[in-house]
Amino acid sequence: MTLTLVHGEREYKVDILTDGLIRVDDRTYVVRSERDGIVRIGGLTLWVAATPDARWVFLNGRVFELSVLRPRARRRVGHDSSLSAPMPATVRRIAVAVGDVVKAGDVVIVLEAMKMELPIRAAETGTVRAIHCVEGELVQPAVPLLEVAVP
Amino acid sequence: MIQRVLIANRGEIAVRIERACREMGIESVAVYSDADVNALHVRMADRAVRIGPAPAIESYLSVPALLEAARHTNADAIHPGYGFLSERRELARACEAAGIVFVGPPADVIERMGSKIGARELMRAAGVPIVPGETPRDQSDAGVLAAAHSIGFPALVKASAGGGGKGMRTVRSEAEGRDLVPAARREAVAAFGDGTLYVERLIQRPRHVEIQVFADSHGNVVHLFERECSLQRRHQKVIEESPSMAITPALRASMGEAAVAAARAAGYRNAGTIEFLVEGSGDHARFYFLEMNTRLQVEHPVTELVTDVDLVRAQLLVASGERLPWAQADLAQRGHAIECRVYAEDPDAGFLPQAGPLLVYREPSGPGIRVDSGVAEGDVVGVNYDPLLAKLIAFGENREAATARALAALRAYPILGIRNNIPFLARLLEHPTFQAAQVHTHLIDEILPELTQAADVPAEVFAAAAIATQTNQRSTPSTDARSTVDPWDTIERWGR
């Protein structure tokens, strides 16, 4: 069985050969899974946790968040970049209007949560296509606030 | 002696106070909002009382709800912890009116030291050095900007009523100030309900060094040396240590004396902290009074480890009217302690607070390692309160040994399921500038790219991640649907 894991921009294929034998990049590792998410490989101890579409791995003070690739989730060229709140927050200020050209990194919305101002920045350069919130509104995470059409 | 203490707080500090109570044979009463029904501080306490819905303003910040909870449980004292109502005179005053012991200074002292202007005047009179600054009489944006101009750029504009970095902005020019002054005011109003702004000279590359003081009601005042708190992000401390490598014995002695003089001038009682900015190094370094924190500090454990005292125990003794358990001559610093604050936040995204489940949460242990935490594996971290999960405190015979222990502990402190700053802390302790003790308050900002750069993923990480999949497919209990049984859930408890 082959599994595709994604970290950042890169995809990695991992072959599960049999119980405890896993191949990554043409090397085979003997992986011993102990109780409570502890995994031992050679002299290393790792901790792992799984959600339906992600894997969390802790090794030596570093945390790696991997997503499990689903077959249809492919990137398109010429797409909409949608921005959402990272946490429940109040919209303090909307800094752009529909039709404005924004550069990646520009502050487009200022949210307030936990008594702190949180600037939301454009992830990619493009044109503001739609704004789905108003100033003063309480917004929830993962709900699009603003969409940027990326050429 | 106090018999039963209501702890008007949550998280790790509530758990810390509960421990001290247990050791002293004092009953602890936890309070909780609807967001904290299953929180660790509730599970650990002898009794627990609901005080309101999730928003802090209706629960942990509600003086009437806390007083009602204290009356209902016959608590004879309230410990405020830090944050929330700890430095608000209303709670101390309500306790005084209700005949309940407030574990902290008298209400009028909180009020006096809570006003930055009043505290500065008091310190000036007591001969304690202060940073040049003022609260402009003309509080319009233009008035605040004019004050910044006369003090000189760069200037620091901050909420007169506040702390914790909320409503604080560094203004480098008049042009910058036109945006930043209104922003500071908005945050000040949102955080403290008071938009009054204070302007002071920004001390460049300062160290933030504070002195722990303690006073009883019999006229005894001592200091317990310094804590170096220079490592901050967004004006919040991340790592604290004691001793400070920048403080010479002569400077330590004069700062200690100044802190005791400050506490005496304030008419102080119980545990408090005098914060100083230190400019330069060596015997000729200059220090300035910044503010007094009229409460127990988050970073109190580093002082406990190097002086071998229990500050919370001493707080409860002094609040009971007893004498301080130590005289100045009994107190000495030995070894070195480092505290790392473990936050549910994403250092790669501007330290944004995170919410989510603690799928894996395992605390390190070993010689010289202490973890004060407010969470356990399986808990879900919400967004209602401060994202501090725990504090890792390492002790060693010197700074190098303490750093090595802290690093080894961070490398064995897995927190999975929610983004957190463990990797960031490990990188910070690994950084040559930290290891050389060249810390100042802007260091994290200066080296941030090095602390947050993406790590290469070792192949073993993918292999381990694949195993997690296999385990799930075999329908053994997966880590995200952990079905641990909490014994407390099965016990019918009173007072809830």
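Kyte-Doolittle cut-off -1.0, length cut-off 24 Å along the helix's own axis using Cα: show which whole DSSP H helices in chain B pass. Don't skip to the answer; put the middle values down first.
Values: long enough: B:174-192 (26 Å, -0.19); B:249-266 (25 Å, 0.60).
TM-like helix candidates: B:174-192, B:249-266.
At what distance in nm do the modelled label points of residue B:125 and residue A:69 sit from each other, each positioned 7 Å from its Cα along Cα→Cβ?
7.2
So what is the calculated 222 nm ellipticity per residue for chain B, using -39500 (n - 2.57) for each DSSP H run with n of 4 or more, over all residues, to the nearest 500 deg cm²/dmol? Provide the component values of the computation, followed by the final result.
Numbers: 16 runs with 173 residues, N = 496.
Helices in chain B give a 222 nm mean residue ellipticity of -10500 deg cm²/dmol.
To the nearest 20 debye, what charge dipole does the protein assembly as shown have about its Cα centre, counting +1 at the Cβ of each Lys and Arg and -1 at the Cβ of each Asp and Glu?
Values: 72 positive and 82 negative charges, 73 e Å.
For this selection, approximately 340 debye.
What ranking of B:403, B:135, A:2 emerges when the number of other C-beta atoms within 10 Å of each C-beta is taken as an exposure proxy, fewest first? List each step's numbers first, then the result.
Details: B:403 20, B:135 17, A:2 9.
So the ranking, lowest neighbour count to highest, is A:2, B:135, B:403.
Could you tell me which of B:272, B:378, B:307 has its Cα farthest along the dipole of chain B towards the positive end, charges placed at Cβ (Lys, Arg +1; Asp, Glu -1), taken about the Cα centre?
B:272
So if we plug the beta-carbon distance of residue B:138 and residue A:95 into 1/(1 + (r/R0)^6) with R0 = 30 Å, what FRET efficiency do we get, rounded to 0.05?
0.55
When B:218, B:79 are ordered from fewest to most other Cβ atoms inside 10 Å of their Cβ, what list results? Let's see the in-between values first.
Values: B:218 11, B:79 31.
Final ranking by Cβ density, sparse to dense: B:218, B:79.
Could you grab the relative contact order for chain A? Cα pairs under 8 Å, six or more apart, rounded to a whole percent. Please list the in-between numbers first.
Values: 313 pairs, mean separation 26.3, N = 151.
Dividing the mean separation by the residue count of chain A yields 17 percent.
Filter the trypsin sites (Lys or Arg not before Pro) in the stretch B:138-178 down to the DSSP loop ones having no more than 15 other Cβ atoms within 10 Å, then list what survives.
B:172
Extension gain residue B:179-residue B:442, at 0.36 nm per residue separation less the Cα-Cα distance, in nm?
So the chain would gain 92.5 nm between residue B:179 and residue B:442.
I'd like the FRET efficiency for residue B:74 and residue B:284, computed as 1/(1 + (r/R0)^6) with the beta carbon distance as r and R0 of 56 Å, rounded to 0.05.
Numbers: r = 56 Å, r/R0 = 1.00.
Plugging the Cβ-Cβ distance into 1/(1 + (r/R0)^6) gives 0.50.
Would you give the gap between the C-alpha center of the stretch B:300-367 and the C-alpha center of the stretch A:1-68, rounded to a whole Å?
That distance is 35 Å.
Would you mind classifying chain B by shape? Square roots of the alpha carbon gyration tensor eigenvalues, ordered a ≥ b ≥ c; an a/c under 1.5 is rounded, otherwise it is prolate if a/b is larger than b/c and oblate if not.
Values: a/c = 1.42, a/b = 1.16, b/c = 1.22.
Rounded shape, in that the Cα axes give a/c under 1.5.
Quick check for you: which residues of the stretch B:256-289 have the amide N under 14 Å from the point 7 Å beyond the Cα of residue B:323 toward its beta carbon?
Taking a point 7 Å out along Cα→Cβ of residue B:323, no residue of the stretch B:256-289 has its backbone N under 14 Å.
In whole angstrom, how far apart do the alpha carbon centroids of the stretch B:203-251 and the stretch B:88-134 sit?
19
Quick one: B:113, B:292, B:245, B:168, fewest Cβ neighbours within 10 Å first, how do they rank?
Details: B:113 26, B:292 29, B:245 15, B:168 20.
Neighbour counts put them in this order, fewest first: B:245, B:168, B:113, B:292.
At what distance in angstrom do the alpha carbon centres of the stretch B:254-289 and the stretch B:1-29 lie from each other?
29
Can you give the alpha-carbon Rg of the protein assembly as shown over 2.2 N^0.38 Å, where N counts its residues?
1.00
Counting only C-alpha contacts under 8 Å and six or more residues apart, can you give the relative contact order of chain B as a whole percent? Spell out each step's value before the answer.
Numbers: 1031 pairs, mean separation 68.3, N = 496.
That works out to 14 percent.
Go ahead and collect, in residue order, the members of the stretch B:178-215 whose backbone nitrogen is under 17 Å from a label point 7 Å along the Cα-Cβ direction of residue A:107.
Correct set: B:178-191.
Mind giving me the FRET efficiency for residue B:205 and residue B:234? R0 is 25 Å, r the Cβ-Cβ distance, nearest 0.05 is fine.
In this case the efficiency is close to 0.90.
Would you work out the charge dipole size for the stretch B:256-355 about its Cα centre, treating the Cβ of every Lys and Arg as +1 and the Cβ of every Asp and Glu as -1, and quote it to the nearest 20 debye?
Working: 8 positive and 15 negative charges, 99 e Å.
Dipole size: approximately 480 debye.
Just going by the charge dipole of the stretch B:123-189, with Lys and Arg at +1 and Asp and Glu at -1 on Cβ, which of B:142, B:128, B:152 is farthest out on the positive end?
The residue sitting farthest along the positive end of the dipole is B:128.
None of the figures in this text is laboratory data; all of them are computed from the coordinates on show. Just so it is clear, the model here is predicted, and its values are computed rather than measured. So basically every Cβ, Gly included, is an ideal-geometry build from the backbone, and we count neighbours across all protein chains shown.
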